[in-house]
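Everything below concerns the one structure shown next.
The values are calculated or read from the model by the stated rules, or taken from the named source; none is laboratory data. All values derive from a computational prediction rather than experimental measurement. Neighbour counts are summed over all protein chains in view; Cβ atoms, including those assigned to glycine, are modelled from backbone coordinates with ideal geometry. Just the protein is used for accessible areas: all its heavy atoms, side chains included, with ligands, DNA and RNA removed. Shrake-Rupley method; radii C 1.70, N 1.55, O 1.52, S 1.80 Å.
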Amino acid sequence: MDGPLGLRKVGSHCSISEMDDFDPSRLFDRPRLNIERKRSFDDRSFSELSASFSRVGLDNYDTYSPGGRSGFNTPASSTRNSFEPHPMVADAWESLRKSLVHFRGQPVGTIAAVDHQSEEVLNYDQVFVRDFVPSALAFLMNGEPEIVKNFLLKTLHLQGWEKKVDRFKLGEGVMPASFKVLHDPVRKTDTLIADFGESAIGRVAPVDSGFWWIILLRAYTKSTGDLSLAESPDFQKGMKLILTLCLSEGFDTFPTLLCADGCCMIDRRMGIYGYPIEIQALFFMALRCALAMLKQDDAEGKECVERIAKRLHALSYHMRSYFWLDFQQLNDIYRYKTEEYSHTAVNKFNVIPDSIPEWVFDFMPTRGGYFIGNVSPARMDFRWFALGNCVAILSSLATSEQSMAIMDLIEARWDELVGEMPLKVSYPAIESHEWRIVTGSDPKNTRWSYHNGGSWPVLLWLVTAACIKTGRPQIARRAIELAESRLLKDGWPEYYDGKLGRYIGKQARKYQTWSIAGYLVAKMMLEDPSHLGMISLEEDRQMKPLIKRSSSWTC
């Protein structure tokens, strides 16, 4: 039976009992996970959620607002049923299939871009781990899991390679940033060549690849009900290697993960060194996914699970306490005292109030909030980063109250964060002298371009998933309609420039695969909200109350 988008309707996920609810007090004596194939999603029924969307009518932005506000006027195009096939859908699927990469006759991923107009190939002909995630979700939602299975198997094989960058050996367990398939027509052989950062801008190894790999493994398991992959010794070892790297003890006093600039989607110098929100949110989500999939048949498995549980509690406390910013928190930071000592200090990172940038006071609405970009000694990066905040919602790093506040912020600051093309990867742009210092005068990251305030269509799937989880589908629908007005006509660009995202990026590739896949995933999730089950985690009941920063937080 065909769905409204012309896609084959399939069961999009299985229910994994206890997979997404981690209660560390029960971890060490709990039975193995029971997995059954049925259309349900954790503690919430998304079939009911989908029905509720139909009852209230997604056509009317003003009449439906679970968060208690709308903030939108109904666009003229919304008279068309939102689930009717859009002309872009067929083109998107055709383009996505053209991007497939084959290894020994089997599809193993999608290349970054199929831009025939560009003379420079660079590394856009490679399969990037982070780029493939929306493609993988699109194939899973369309009932084509074999491509995803092949990708997971090949990248796991590449993880085992010994790699060196300038004669320095990388840590065991690092996942590659990307790989390419070399075809030898004479010998009729295929060879996988992986890049672990030795060919990247700045020679930085990707921290996010391993996290995305674990998250995708869970999505595959939830979608298909196939436990054989996750439970195999090789995949169990692969997860443990990634986690051993991240959970290792050292000199750091914070539960967050210390990272270099350029270690994630923002792969050039953009001042995110330290503890970037994107990595912390992905770290949290990967820990929760691994916690559900790791076996405890031996001492090593039990020890790994125990370490994950302890880290999750510390990480959630730290992020919810010190990275969260709303009107009240901003006012408190504005009145911080400095040079405080002992465990009762309120200003624990010794942040100087005069370092708060002026734009934050105008940007912060009375109602709303977000996780700031970075926190470290004497430094708070107040910039908004879309990916980190959306993943915080999907992973339930954000409490339900914080999740709603993030959506309130997007509504209140629609022009700044969405504009004419979803979605700003970061806000605001850094410019002038600060741009020269922070980016090293990077000509690609000039103001309101690329990672420096540019608009990235791939983020459409993440904001759509966050909207569905928080009961704000009208926000996602409006964002999708904005994308549909431009993306196909412009040739599926990688990114857009300008304060409102009005201009195709000055160095943007056309037919960027994750721009195409991000659109398809957003459309399919909005059509069938139960698809969200493979990429979303419910909030842990034990950690639901928002933890205050310290006993002396209230001045």
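Below is a table of values for the structure above.
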{"read-out": "Relative contact order of the range 222-367, pairs being alpha-carbon contacts under 8 Å that are 6 or more residues apart, as %", "value": "18"}
{"read-out": "At R0 = 35 Å, FRET efficiency that the Cβ-Cβ distance of His102 and Leu227 yields, to 0.05", "value": "0.85"}
{"read-out": "Computed FRET value (nearest 0.05) for Ser355 with His183, which takes r as the C-beta separation and R₀ as 51 Å", "value": "0.40"}
{"read-out": "21 Å Cα-Cα threshold exceeded, pairs from Lys154/Lys237; Lys163/Lys310; Lys489/Lys510; Lys149/Lys240; Lys98/Lys510", "value": "Lys163/Lys310"}
{"read-out": "Distant-in-sequence amide H partners of Thr110 (H built 1.01 Å from N, under 5 Å)", "value": "Val101"}
{"read-out": "Backbone HN-Hα couplings from phi across the range 358-364 [Karplus 6.51/-1.76/1.60, Hz, Gly and Pro as x]", "value": "4, 4, 4, 5, 7, 6, 6"}
{"read-out": "Accessible surface, 1.4 Å probe, highest first, among residues Lys240, Lys499", "value": "Lys499, Lys240"}
{"read-out": "Environment charge of Asn150, counting only residues whose C-beta is closer than 12 Å and scoring Lys/Arg +1, Asp/Glu -1", "value": "+1"}
{"read-out": "Relative contact order, percent, the range 132-213 [alpha-carbon distance under 8 Å, six or more residues apart]", "value": "22"}
{"read-out": "C-alpha center-to-center spacing [the range 230-269, the range 150-169] in angstrom", "value": "14"}
{"read-out": "Gyration tensor over alpha-carbon atoms, the range 144-183, equivalent ellipsoid semi-axes in Å", "value": "24, 12, 7"}
{"read-out": "Contact order relative to length of the range 81-203, as percent, for alpha carbon pairs under 8 angstrom and 6 or more apart", "value": "20"}
{"read-out": "Mean shadow area of the range 140-225 over all directions, Cα convex hull, nm²", "value": "7.4"}
